[in-house]
Amino acid sequence: MQRSNRLIAGLLAAGVVLMAVPVSAADLPEGLTDLEGKLVVIHTNDTHGRDLEGVYTTAAVAQLKQDLTAAGADVLLLSAGDASQGTPLVNLSMGSTAIDFMNLAGYDAMATGNHEFDWGLDNLKGLAQNADFPILAANLTYTESGELVFDDSIVFTTDSGLKVGVFGLATPETATKAHPDKVKGVSFAAGQELYDVAQQQVDKLNAEGCDYIIALSHLGDSAESAPNRSVDLLDHVTGIDLMVDGHSHTTLPEGDTSHGDTLRVSTGEYLNNIGVVVYDAASDTETARLLSSTTEGDQTVLDYTGSDPDVLAAIEAVNAEVEQELGKVFAKTEVLLNGERDPGVRTEETNLGNFAADAILWSARQALGEDKVDLALTNGGGIRASIPVGDISMKTMKTVFPFGNEVATVTVTGAELLEALEAATFCTPTAVGAFPQVSGVQFTIDTTVPYENGEMYPNSTYYAPAKPGSRIKNVTVNGQPLDLNAEYVVATNDFTAAGGDTYGAFLDKPVYKTGVALEDALVQYTSTVLNGVISEKDYGKPAGRITVNTAPVPTATPAPTASPTAAPTAAPTAVPTAAPTAAPTAQPAPSDPQITLPATGDVQQPVVVCAALLLFGVGAVVIRKRIHD
């Protein structure tokens, strides 16, 4: 299902879509009807392929731009990134359809989100060539040459004569939140170097005579992202009028002006809102708002109801192909499987995390032998949605687990496993994508003990724990105390096995890739072990593998003796688990390195053939690898 602009052009030529008919100005929300000579910035972020299934659609965004233009405004439409990955609608084309839809909507510029790299740098460069708008990243350079990978900025001159400068910033966390193979050979300026890049951009755009300067950033404001957050940057950089931000999925209904003189805006996620900023140059004032929705009874009432029929028809045509390709039901669930972010898979054990880890462990044991794999873990950031009660199709699986990862094993010592668990929960109970969902292992997280940074992991924004075991306590593997000196074979996804996210303890350890796609492992486990039914008995509640304590935890001394033997897989027993309630004790990273990854030449794009799709008579699918925000 590779697609390009030619696909959309073909749909248009075939008469699939009709002539667009703008809605009347009366359909615009109050305050957005008399905009003559004013600059209006429409903004989105972290849409993640929800072009059709969000509260709003990309067709609504397209119509809004037309309507605001008709109301007299000079309109810019900007994306703060993470648009080209998330649902099968865009995943099956490795982001190409996302760019097609954005072209139709009339986007003017886009920042690179970390998930734009999920299909590899070469693929992203191809998407940039197909885009009718620039993709901007002022802090992303080739490691060897120091040259920019994408454009750093663009200047727009409006019909009213206003010069608007826009520069882009990518999160340095891309180095660890994208699969390491996908970002080799490039560097992300971080910390003070990031601030310096931003200030240089402001100074350059001022020198070019810009009246209004916009930072289009995918930085976010999550505690785990310090010191590379949007708020950190604004505390160190002057002269930015507007920051359109993404990455942390933060919703700022009226924007934030608590960091310097800059108005910072973010819409949340998934087109649940559309952001609108109005700048009046005559009075030098700006206002921010979100076009959102309210619920009245069983009805959802939208602030804005416009929709471009041409764009909608084009998206629906692509979606119909996806539905036909992936819509066959192969299982059902009797319970809601919790894949929410917070509280959810990034803060605590969930039943969906149990299910995923059990499937990974089972699949790895099928490949290597029942007694050859000890435990499994997978990072919560790789679980992207919940699974509601009812039928499950491959589309469901590819929405929840969209990254095309494969099941892999990594061999580590007990001490290295303890380090990995400690690092992956460094800010618990604050949400973090590295949070481990596990099978075959139990432990307690003591959030009353602050995380103490040790050395920074190579090519990372994360730190090893200075004192492994200070927060992670009472670890058992298959019922036996953790042996710090023994070797354990850990089943996981290939992103985590390669040292992605906080899992620097796994770097350069023996890794075996099974060749089984993660979604196929889940399908096969469900069909073979669970007989096609995810039951209340097996997964009605979290199984009690992880306890998050907010009071001091008594510590059991790890066994110093031989490695335990893996126990045969058994159906999980559901027991309640403790829920986190305390304020976070995360320790932000204190330094500001440049993140540099070694160049190794072109990275071959992986082709993952989903056995489950072939089983149901559906064609092979090209997917990629990664996991996180």
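With labels modelled as points extended 7 Å from the Cα through the Cβ direction, what inter-label distance (nm, one decimal) is found for Ser386 paired with Val301?
Here the modelled spin labels are 2.5 nm apart.
Tell me, what is the FRET efficiency for Thr294 and Asn485 to the nearest 0.05, using R0 = 45 angstrom and their Cβ-Cβ distance as r?
0.15
Determine ³J(HN,Hα), in whole Hz, for all residues of segment 110-125 in sequence, where each value follows from phi through the Karplus function 6.51 cos²θ - 1.76 cosθ + 1.60 and θ = phi - 60°; x replaces Gly and Pro.
Once θ is set to phi - 60°, the couplings for segment 110-125 become 8, 8, 7, x, 4, 7, 5, 8, 4, 9, x, 5, 4, 5, 5, 5 Hz.
Once R0 is set to 41 Å, what does the formula 1/(1 + (r/R0)^6) return for the Cβ-Cβ distance between Thr143 and Thr285, expressed as a FRET efficiency to the nearest 0.05?
0.40
For segment 281-381, which whole percent of the accessible surface, found with a 1.4 angstrom probe, sits on carbon and sulfur atoms?
It is 45 percent, rounded to a whole number.
Around Ala408, which amide H atoms from residues at least 5 apart in sequence, or from another chain, sit under 5 Å from its own amide H, with H modelled in the peptide plane?
Thr492, Asn493, Asp494, Thr514
If you plug each phi of segment 448-455 into the Karplus form 6.51 cos²θ - 1.76 cosθ + 1.60 with θ = phi - 60°, what whole-Hz ³J(HN,Hα) values come out, in order, with x for Gly and Pro?
7, 9, x, 6, 10, 5, x, 7
Compute the separation of the alpha-carbon centres of segment 399-463 and segment 151-196 and state it in Å as a whole number.
Centre-to-centre distance over Cα atoms comes out at 28 Å.
From the phi angles alone, apply the Karplus equation (6.51, -1.76, 1.60; θ = phi - 60°) to segment 400-411 and give each ³J(HN,Hα) in whole Hz, x where the residue is Gly or Pro.
My calculation for segment 400-411 gives 6, 10, x, 8, x, 6, 10, 6, 9, 10, 10, 9 Hz in order.
Of the listed peptides 374-380, 269-275, what is their order by residue-averaged count of other C-beta atoms within 10 Å, with the highest listed first?
Output ranking for 374-380, 269-275: 374-380, 269-275.
Given 0.36 nm per residue, what is the gain on full extension from Thr448 to Ser535 after removing their alpha carbon distance, in nm?
27.8 nm
Can you work out the accessible area per residue across segment 398-471, with the rest of the protein chains kept in place, probe 1.4 Å, in square angstrom?
22
Taking 0.36 nm per intervening residue step and subtracting the Cα-Cα distance, what contour gain separates Glu208 from Asp159 on full extension?
Value of the extension gain: 15.9 nm.
Can you list the aspartates and glutamates whose alpha carbon sits under 12 Å from that of Lys328, skipping same-chain ones fewer than 8 residues off?
Hits, sequence-local ones excluded: Asp391.
Which of the lysines could a cross-linker bridge to Lys125, judged by Cα under 16 Å and excluding same-chain residues fewer than eight apart?
Those lysines meeting the cut-off are Lys182, Lys184.
Amide H neighbours of Leu136 under 5 Å, counting only residues 5+ apart in sequence or on other chains, H built in-plane at 1.01 Å?
So Leu136 has HN proximity to Met110, Ala111, Thr112.
If packing is taken as the mean number of other Cβ atoms within 10 Å per residue, what is the order of 427-435, 466-474, highest first?
Most protected by this proxy first, the peptides run 427-435, 466-474.
The values are calculated or read from the model by the stated rules, or taken from the named source; none is laboratory data. Source: prediction; values computed, not measured. Here the Cβ is made from the backbone with ideal geometry for all residues, glycine too, and neighbour counts use every protein chain on show. The accessibility values were calculated without ligands, DNA or RNA, using every heavy atom of the protein model including side chains. Shrake-Rupley method; radii C 1.70, N 1.55, O 1.52, S 1.80 Å.
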